[in-house]
Every structure is written in structure tokens, then in C-alpha cells.
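Note sheet for the following structure.
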Amino acid sequence: MSLEELFKEIIIEHYQHPKNHGHIEHPDARSEGSNPLCGDEIQMELLFEGDRIKDVMFTGNGCSISQSAASLMTEAIKGRTVAEARRLMEEYKNMLQGNDYDAGMLGDLEALSDVKKFPARVKCASLSMAVLDQALQQKK
Amino acid sequence: MDIEKIRKDFPILSRIVRDRPLVYLDNAATTQKPSAVIEAISGLYRNYNANVHRGVYLLAEEATQAYEDSREAVRRFINAGSTEEVVFTRNATEALNLVAYTWADANIRAGDEIIVTIMEHHSNYVPWFRLARRKGAVIKIVPSRKDGELDMDAFGSMLSDRTKLVGIAHMSNVFGTINPVREMVSLAHTRGAAVVVDGAQSAPHMKIDVRGMDCDFFALSGHKMLGPAGIGVLYAKSSYLKSMEPFMSGGEMILRVTLEDVVYNDLPWKFEAGTPNYEGAIGLKAAIEYLEALGMDTVEAYERELTEHALRSMKTVPDIFLYGPSDPAKKGGIIAFNIKGVHSHDIGTILDSEGIAIRAGHHCAQPLMIDCGVSAMARASFYFYNTEQEIDMLVKALKKAKEMFGHVA
Ligand SMILES: Cc1ncc(COP(=O)(O)O)c(C=O)c1O
């Protein structure tokens, strides 16, 4: 268990300079969630085009893990179909739970794989997944 | 104070965590236990365990005696007038709820006002919030000033003949501020309001004198003062307790039950339904005796030195912001802080990798977090078994945390 495993450069980079940070003017779906104990918060907005996630933006505040996960997650799903995004979330969940996962599918999100070695931090990494899940359920 | 000798009394303090000696700086959450407390509890189970206030045999007499001796120890520790006024509860939270569901429930009406401070722990806010909702009463909040002390002028102007209850944290679990309870009690009493003091953070660290303070209710938690978890105390003036309906009911709290009538037990047992946590009470007595042997004045003076050292050395961490009074005379050994660019949760993890335990989060004081414009803070909190070297290790680790996240905002 080393700190460098948790706080990888790419994680700190996404924490300090998050991608897809802000708002969508007329989003099709909007959701938010928080971890009451640590105060992490994420809001997400999605724009669909047919079956695809045309755009996704997030805002929030919290620790480096919760915020970088949101940044990496939005990068990973942008342009994908809803079904692909759901499969990706499944793989991400597998990774955080310490199960086998499809690394190819996760791409940069794999940077968060060592979070599982820090049980107290798994819920930080999971927050954006829960928020995204809620937003996808709003898709008609 | 012989700190090396004291540390040997606490078995957990020699534990190695993450390949390093444990540096335990989360004492506002709970404290570690000396061998005397651990042995008092195991001694009960090895030698004289029996349900209290029930059996006619020797073991039951011994267990009952030990349980009631603990009540006397608490009475002495907080300088209550009588053991009638010392009710055992699970913790401070239950003690505060007991007041909310008995005295306050019977005496607060629509339009009445309840005043609490912005520094309250949720357990001295949520029960009053719910009561106010139930009754249509109004809650008013005493704000804090920039220096982390209560705005006493605001308090003074809030008090009126509508004020029925005032709730005050004796010591803030975030700012560490020691609030002027004696003065607040006497102001509240001129308006005929009852005062509930939350002593969860003060009782472990300073001499408590409930009679001198003249508060009507005082709550504390055993686990924050060397005792086991699951035992707490409500002190209440007997004039209040006499008029109050029971909180929970069942065994122990009755004198006589027929199918037609129930006669409640005498004080304080009227408020202790069911088999009490006598194990916890016996552990708490050992904790109190340990503290008394050290002397609460000594504890307070030593912790003030630690706090002074911490305030001075923590300031050297780049981009750190310390919350609460900067004058160590105004506060206990609790320092909440944030470092620009490093979230408190990340600070907690980085410190943990060095064997240093601190708290990160909202500290069950979300109204205060909102007031400070943050969602979380890190917090280091000390007890008399901590040392200046440990604080130096904390400061070194904080600098490392700042470095890991670079000097970018
Ligand atoms: C000021 C204050 N009040 C009340 C409590 C509640 O204590 P307990 O959880 O033991 O009931 C705490 C504990 O954190 C506290 O710091």
C-alpha cells in the first residue's frame, strides 16, 4: 500500500484540471449525489443524441479521488451509446470490487484501480458512477 | 506529568500501524483506554458479574454496589449536589434526546423559542430541530464571530420572554472554542429559560462544576473521557427531574406495577429503564479515577501547552487555514484546518500512511461547515497522552501532503 498508487499523477492532474467541468445549456438528464460522511458532491448533466451520450458535464466538490473519477468517467463515456456506458460502469464496478475487469474498455479510468487497496476511499471513487447511473435512468 | 509513564498505561499507544508507531490525534471522536479501565471491565466479568438492582445474592450486591459507586464518582467529577441528579444513558446523544422527549416535549409550545449556537454538534441540534417542528416552536442560532468565539451581543439580543430553552456546546468539537456557559446560563435564567449544556467535549478535558455553572442539564459521553463506549450521563437538577415524565419505560424504572396502576421508581432510576450498561458504568468509574489521579487542572494545563505548540507549528504549513480561536487560552486541544489544494479526505489518507490518525469530514456539525463556506475540514485533536513530538510528526506529514499535490491552488 503506497500513496503513489493512490495519488497517481493522472489522478492529481484530473483533480486539478478536470475535464468536462461545467454545465450543459439544455441537458436531457441531470442528477446529483453526495457522500454524507466526507462531504463529496457530484452533479452531472447529459445530452443525448438518439442512443448516444452526445455530451456530459459535471460540477462538484470533494477529494481528489471523487473529483478525478468524475472527470475520467465523463471522458470515458462521452460519445458512447447508453448500453456501452452501462457496460463500462459494470467493468468499473468490477475493478473497484477487486474482481476481474476489462482493462481495454476502461482506458484511463484504470488509474483508479488501486483505490480498492484503500477501503475507506472506495466510496469516493464510486460516487460519480452512482450519479451517472441515476442520470441514465432518466433517458426515455 | 510523567508522559512516558502515562503512555505505558495505554496499551494501544504502543501499537504499530502502517509500519510506524501509532500517532492518535482523533481524541475528539473517541479516546483510548488505560489498562485500569480495561481491567475494571474484565474484572467485573471474571469476578462478580450479575444483573444490578435485582438479585439477593452476593454477586448481585457487588455488581449493584459497583454500579452505584460509579454514579457517585460521576457526581463528584462534575460536582453535582446529589446522585439523584446523575442519570446513566448510552451517550451524550441519548442524554440530550432524553431532555428533548421529556422536559422539552412537555414544556415547549407553539411560538416558544429555542436558542442554540452555530457550533452545535448535530446531537445538540437535531433533537431541538425536530422538537421545534413537532411543536411549532422557533429555533434561533447564536452566530460566531470571526475569531471563532460566540457573538455574545447577538445572544443577548436574541433572549426574550419567549425563550424557553438554550442549548450550548461547552466546548466546540470543531473550533475547540470554550464557550462562556456560566455567563450564558445566568443571562438565560433572567428570562426563565432552561439551559442544556453539551459537555461531550469539555468533560474529558477540564474541571466541570455543574453547580457553579448553574446549568439545568449537562450531557457527557464516557468514551470521550477514557471510558468505554455505550455509557453516558445526563445531569439534571432534581427540581427538573422530579417534574419530568419517564423517557423509556419497562423494568428498573418502576416501584410497583399492577394491572390498574404503575408507580415510577425514585430518582434517578425512574429514567433508567431496563438492564443498564453496568459494565460501561464500572469502566467509566475507573476512567474518572484515572483522571482524578492526574488532576483535571494538570490535564488542562498540559493540553493547553500542546495546543499552543500545535497552533504555532501548524501555521508553518504552506497554504494552511486554521479554524477557531487562535488564542490557546480560549480553546481546548481541537484544531480544525484545511490546506488549499488538498482536500481533507486526501490529507487523512496521506497522514494514515504515516501512522497518524486524524478526522476528516463534516464532524457532525454541518451548519458550522456551511457557515464557514466549506463541506469538510480536517481535524487534529489531542489528549494528555499526546506529545509535542507527535505534533511535529503531524506537521511534517502535512507538509508532505501539500507537496504531493504541488503548490497549485
Ligand atoms: C460536542 C459534541 N456533542 C455531542 C457528541 C455526541 O457524542 P456521542 O456520539 O457519544 O453521543 C459529540 C461527539 O462527537 C460532540 O463532539
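The values are calculated or read from the model by the stated rules, or taken from the named source; none is laboratory data. None of the values given here were measured: they were computed from a predicted structure. Every residue, glycine as well, gets a Cβ built from its backbone with ideal geometry; the counts of neighbours run over all protein chains shown. The protein model used for the area step is the full one, side chains on, heavy atoms only, and it has no ligands, DNA or RNA in it. Shrake-Rupley method; radii C 1.70, N 1.55, O 1.52, S 1.80 Å.
Within the range B:67-117, restricting attention to residues that are within 14 Å of the ligand (Cβ to nearest atom) and open to solvent by 20 Å² or more (accessible area, probe 1.4 Å), the residue that is farthest from B:N179 (Cα to Cα) is B:R90. Can you tell me which condition B:T163 does not meet? The list is (1) more than 25 Å from B:K270 (Cα to Cα); (2) open to solvent by 30 Å² or more (accessible area, probe 1.4 Å), and all the others hold. Only one criterion in (1) more than 25 Å from B:K270 (Cα to Cα); (2) open to solvent by 30 Å² or more (accessible area, probe 1.4 Å) is unmet by B:T163, namely (2). Each residue in the range A:36-65 was checked for being open to solvent by less than 20 Å² (accessible area, probe 1.4 Å) and either of a type outside the set (S, T, Y) or in a loop (DSSP other than H, G, I, E, B) (or both), and 13 pass.
Quick one: B:A360 ticks every box in (1) away from chain A (no Cβ under 14 Å); (2) free of Cβ contacts under 8 Å to residues at least 24 places away in the same chain except a single one, so which number is it? Tallying (1) away from chain A (no Cβ under 14 Å); (2) free of Cβ contacts under 8 Å to residues at least 24 places away in the same chain, B:A360 fails exactly one: (1). For B:T64, the conditions (1) among the β-branched types (V, I, T); (2) farther than 21 Å from B:K224 by Cβ; (3) assigned to a helix (DSSP H, G or I); (4) open to solvent by 50 Å² or more (accessible area, probe 1.4 Å) all hold with the exception of (4). Determine if the range B:179-186 includes at least one residue that is crowded, with 19+ Cβ neighbours inside 10 Å, away from the ligand (no atom under 16 Å from the Cβ) and within 25 Å of B:P325 (Cα to Cα). Yes, that holds for at least one residue.
Scanning the range A:4-44 for residues that are within 8 Å of chain B (Cβ to nearest Cβ) and touching a Lys or Arg at 6+ places or on another chain (Cβ under 9 Å) returns A:L6, A:L37, A:C38, A:D40. Selection of the range B:252-275 for residues being charged (D, E, K, R) and either touching a residue at least 40 places away in the same chain (Cβ under 8 Å) or exposed (fewer than 10 other Cβ atoms within 10 Å of the Cβ) (or both) yields B:E252, B:R256, B:E260, B:D261, B:D266, B:E272.
Across the range B:135-178, the qualifying residues are those that are within 24 Å of B:F337 (Cβ to Cβ) and among the basic types (K, R), and the one among them that is farthest from the ligand (Cβ to nearest atom) is B:K146.
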